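Student: This is the structure, below, for whatever I ask next.
The values are calculated or read from the model by the stated rules, or taken from the named source; none is laboratory data. Keep in mind that what you see is a predicted model, and the values were worked out from it rather than measured. When we count neighbours, we look across all protein chains shown, and the Cβ atoms used for this are built from the backbone with ideal geometry, even at glycine.
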Amino acid sequence: MENEEIRTVLKTKEFDLYFASLDLRTRGKYDYAIQLMQTQKVVSENFLKKVQNTEFYEVCIYTGVNEHRIMFMAINNPNFMQATKVILLNSFLKKDKKRYLKEIEKARVIIKREEIL
């Protein structure tokens, strides 16, 4: 039995560009992560968590020694588990805290541009 979609996942052009630059194996891990977001009401905190002091959530994708992050936001409810629509804002290879903070700011710029809030 296939998992039923309970959540719509939208993507920005920034996310799509980053995704297109990834190798096939990593894209497969991203696809799996997105499928979990679409079909599971509750997702493990080892995989998906709220970014402290922001309106964002992140998905952690591990590929050997690398850690990729997807910054996203629940659109129709501030709580991911209750949301039926989310938007993937941007993604990046986590290298250090400075880069992480820069990507949070990039996500805020995308929200303003897309007029999400």
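Student: Just the residues that are hydrophobic (A, V, I, L, M, F, W, C), surrounded by 14 or more Cβ atoms within 10 Å (Cβ to Cβ) and at pLDDT below 90, please, taken from the range 86-117. It would help to see each step written out before you state the result.
Tutor: Applying the first criterion (hydrophobic (A, V, I, L, M, F, W, C)) to the range 86-117 yields 86-89, 92-93, 101, 104, 107, 109-111, 116-117.
In the following step, the residues that additionally are surrounded by 14 or more Cβ atoms within 10 Å (Cβ to Cβ) were identified as 86-89, 92-93, 104, 107, 110-111, 116.
Hit for the range 86-117 is Ile116, nothing else.
Student: Hey, another quick one. Considering Val51, Val109, which residue is farther than 20 Å from Asn3 by Cβ and over 14 Å from the mean Cα position of the chain (by Cα)?
Tutor: Values: Val51 fails: over 14 Å from the mean Cα position of the chain (by Cα).
One residue alone meets the criteria, Val109.
Student: Kindly indicate whether Phe80 is hydrophobic (A, V, I, L, M, F, W, C) and touching a His at 6+ places or on another chain (Cβ under 9 Å). Steps first, answer last, please.
Tutor: Working: hydrophobic (A, V, I, L, M, F, W, C): yes; touching a His at 6+ places or on another chain (Cβ under 9 Å): no.
It is false that Phe80 is hydrophobic (A, V, I, L, M, F, W, C) and touching a His at 6+ places or on another chain (Cβ under 9 Å).
Student: Let me ask something else. Being among the basic types (Lys, Arg), touching a strand residue (DSSP E or B) at 6+ places or on another chain (Cβ under 9 Å) and closer than 27 Å to Asp23 by Cβ, is that true of even one residue in the range 60-74? Give the steps one after another, and end with the answer.
Tutor: Going residue by residue through the range 60-74, those that are among the basic types (Lys, Arg) are 69.
Then drop every residue that is not touching a strand residue (DSSP E or B) at 6+ places or on another chain (Cβ under 9 Å), which leaves 69.
When the remaining residues are screened for being closer than 27 Å to Asp23 by Cβ, the result is 69.
Yes, the conditions are met somewhere in the range 60-74.
Student: Show the residue pairs that are 6+ apart or on different chains and have beta-carbon atoms under 7 Å apart, the first residue being within the range 90-104 and closer than 18 Å to Tyr57 by Cβ, the second being in a helix (DSSP H, G or I) and of a type in the set (Val, Ile, Thr).
Tutor: Asn90/Ile110
Student: Another one. Any residue in the range 36-53 that is closer than 22 Å to Asp96 by Cα, touching a helix residue (DSSP H, G or I) at 6+ places or on another chain (Cβ under 8 Å), of a type in the set (D, E, K, R) and surrounded by fewer than 18 Cβ atoms within 10 Å (Cβ to Cβ)? Step through it out loud before you land on a result.
Tutor: Kept after step one, since they are closer than 22 Å to Asp96 by Cα, are these residues of the range 36-53: 45-53.
Then drop every residue that is not touching a helix residue (DSSP H, G or I) at 6+ places or on another chain (Cβ under 8 Å), which leaves 47-48, 50-51.
So of that shortlist, the ones also of a type in the set (D, E, K, R) come out as 50.
Filter once more, keeping what is surrounded by fewer than 18 Cβ atoms within 10 Å (Cβ to Cβ): 50.
The answer is yes; a qualifying residue exists.
Student: Given (1) surrounded by 15 or more Cβ atoms within 10 Å (Cβ to Cβ); (2) at pLDDT 95 or above, identify the lone condition not met by Asp31.
Tutor: With respect to (1) surrounded by 15 or more Cβ atoms within 10 Å (Cβ to Cβ); (2) at pLDDT 95 or above, Asp31 is out only on (1).
Student: For Gly28, work out the one condition from (1) in contact (Cβ under 8 Å) with a residue 60 or more places away in the chain; (2) more than 22 Å from Glu115 (Cβ to Cβ) it doesn't fulfil.
Tutor: Going through the list (1) in contact (Cβ under 8 Å) with a residue 60 or more places away in the chain; (2) more than 22 Å from Glu115 (Cβ to Cβ), Gly28 breaks only (1).
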